[in-house]
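Quick notes on the structure that follows.
Nothing in this text is a laboratory measurement; each read-out follows from the coordinates by a stated rule. Only a predicted model underlies this, so the values are computations on that prediction, with no experimental measurement involved. Ideal geometry is used to build each Cβ from the backbone, glycine not excepted, and the neighbour counts take in all protein chains shown.
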Amino acid sequence: SESAQHSSKLSQALQDFCNQSENERQDSEALMAILKYVAKSGDSQTYKWHQLRQLITFKVHQLGKIVPKLKEGQEDSMQQLGDNSSTTTNSSNILTHPIAERVMRHLQLLDKEPPFTLQRICELLINPQVYPTERTLWNLERCTKGITISIESFKEQNRMTDESSPIGISDSMEQQFDAMIDEEQ
């Protein structure tokens with residue numbers, strides 16, 4: 001069918017993008033179409049996560065590029081925007097915003113499955129002009145910060161050990177809670 005062919009072409013475009021070195025990578029309509037599809041559908045299964053993650057990281061990096069006009073003291077104000085990590089400089093004297101750097105680090109931690117916030121991440125990346133750049137980066141950070149596992153992995157790691165528990169608390173969780181109460185008394 002036509003949609004299967006279209007999807008196949010987009011998958012190939014994503015694979016080609018991922019096979020390029022980071023310096024060779026460029027944005028394209030096909031790559032934007034992938035992000036638009038995920039933003040609209042929330043589908044995290046059509047494209048391979050390890051490839052989609054590379055595209056998202058690339059887009060975050062593009063969004064976070066800052067061409068500095070450094071005056072005295074301006075570096076200090078740049079530091080205040082993020083945590084105390086330093087910004088990255090490449091050979092063309094372009095800095096990466098500290099929030100963008102954190103978002104990219106958070107994405108790297110999600111190596112097995114996409115986060116449950118994938119749809120929102122793609123929404124922000126296809127329309128970054130909706131908010132000022134820094135606000136978009138903050139929103140992206142909110143979608144990735146502290147989410148080092150996917151929702152499926154979380155469910156798997158926290159399976160109930162006592163299926164009869166009415167509110168979904170396992171025996172070990174109840175014991176930990178009881179021990180905390182006893183310590184306080």
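Quick one: which residues, 5+ away or cross-chain, put their amide H under 5 Å from the amide H of residue 116? H built at 1.01 Å from N.
The list, which skips near neighbours in sequence, is 151.
From the convex hull of the Cα coordinates of the range 1-63, what is the mean projected area in square nanometres?
4.2 nm²
Between residue 113 and residue 29, take the C-beta separation as r, use R0 = 35 Å, and let me know the FRET efficiency to the nearest 0.05.
The computed FRET efficiency comes out at 0.80.
Using a Förster distance of 35 Å, how high is the FRET efficiency between residue 134 and residue 11, based on the Cβ-Cβ distance and rounded to 0.05? Provide the component values of the computation, followed by the final result.
Details: r = 33 Å, r/R0 = 0.95.
Here the calculated transfer efficiency is 0.60.
Using the per-residue mean of other Cβ atoms lying within 10 Å as a proxy for protection, in what order, highest first, do the peptides 56-64, 121-129, 106-114 fall?
In descending order of packing, they fall as 56-64, 121-129, 106-114.
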